[in-house]
1. Please say if region 209-249 is rounded, prolate or oblate, where rounded means a/c under 1.5 for a ≥ b ≥ c the square roots of the C-alpha gyration tensor eigenvalues, and otherwise the choice is prolate for a/b larger than b/c and oblate otherwise?
2. At a Förster distance of 45 Å, what's the computed FRET efficiency of M162 paired with Q25, Cβ-Cβ distance as r, to 0.05?
3. So what J values fall out for region 15-26 if you push phi through Karplus, 6.51 cos²θ - 1.76 cosθ + 1.60 with θ = phi - 60°, rounded to Hz, Gly and Pro as x?
4. Once the convex hull of the alpha carbons of region 96-271 is built, what does its volume come to per residue, in cubic angstrom?
5. Stretched out fully, how many nm does the piece from F143 to A131 gain, at 0.36 nm a residue minus the Cα gap?
6. Quick check on packing: order 258-267, 223-232, 11-20 by the mean number of other C-beta atoms within 10 Å, highest mean leading.
7. In whole Hz, what ³J(HN,Hα) sequence does region 120-130 give by Karplus (6.51, -1.76, 1.60; θ = phi - 60°), x for Gly and Pro?
8. Quick check on region 177-278: what does the Kirkwood estimate of hydrodynamic radius come out to from the alpha carbon pairs, in Å?
Amino acid sequence: MAIVFSCHCGQKLSAKEEYAGREIQCPSCQSIQIVPAAEEPPRARQATSYPKMSRRRESEYDVADVSRKYRPRETNYRRRRFEDDIDDPLLDGALKARVEPVSMAFYLGSYISSVVLLPIIYFAFVITLLAHFPGTEPPWKAFAVLGLVAIPIIYNVVVCSMLIYKMWNALARQDFPIRTTPGSPVGLMFVPLFNAYWVFQSLWGWMQDYNELVDRRRLDVPRMPEGLGLATAILWACTSVPCLNYLTIVPSFVLLGVFIGYACNGINALANADVIED
């Protein structure tokens, strides 16, 4: 004899008597139901207390022990929000509080000082090398001076990596779907050959995602010049090409400095952004 009972969604279910006490899945709402005994009335598992929500969302949480795969999925990194979220003043204040402003004087000053030190150290190397000429021993002093070039280069790489991370982290903290995580643009820039492609995602892609965030959230902040990001990425990709790098190294340093200024202004603008009211 079959046991007939109803799911909480109204779907009629039936099972053999030997399945009494076991769990079956409702073909309508995909929830898990317990087959009652033949002499017992249909029963449902005790519902878990959840915040008040719509009727459609309530039905998804009625059963306490429902399998995890039947629950609405939440991303482990960020949650996508709807457009009407920007009308919530509490949400707007919380998002602004998440973005930490950056110091343009530190990042741009560090970049300019390290770039200026490079030709100074190279000039000192040439002077030391000419002073040794025509000596018979190797010019160890000149090589030692040339080795000092590594100091501003390493410092510049560290500072730029910190800024790139803060750029992408500012977008990620807005609960906005972006093309990458904040750490990926930094790590993948150190992969040989692949970094010639990834520089486009790190610089040009950031400006594209930034402008998309401004448009969709209707933020009262200046847009980023995407052409600047594209030109900077192209020049820095060309620096890895032999012979061509002699022509692009100087313009790439100049445009990267301009890009750093825009990036700092963009991060600070998000920290104080206001939603444009219709």
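1. On the way: a/c = 7.07, a/b = 4.13, b/c = 1.71.
Cα axes put region 209-249 in the prolate bin.
2. Details: r = 51 Å, r/R0 = 1.12.
Calculated value: 0.35.
3. 8, 5, 5, 6, 8, 4, x, 8, 9, 10, 9, 6
4. Values: hull volume 20.9 nm³, N = 176.
Hull volume over Cα atoms, normalised by residue count, gives 119 Å³.
5. Details: separation 12, 0.36 × 12 = 4.32 nm, distance 1.28 nm.
Between F143 and A131, full extension yields an extra 3.0 nm.
6. Going by the mean number of other Cβ atoms within 10 Å, highest first, we get 258-267, 223-232, 11-20.
7. Computed from phi, the couplings for region 120-130 are 5, 5, 5, 5, 5, 5, 5, 5, 5, 5, 5 Hz.
8. Details: mean 1/r = 0.0685 Å⁻¹.
Across region 177-278, the inverse of the average 1/r is 14.6 Å.
Taken together, the values in this text are just the output of simple stated rules run on the coordinates, not laboratory data. This structure is a prediction, so every number in the text was calculated from the model and none was measured. Heads up, the Cβs are rebuilt from the backbone with ideal geometry, glycines too, and the neighbour counts pull from every protein chain shown.
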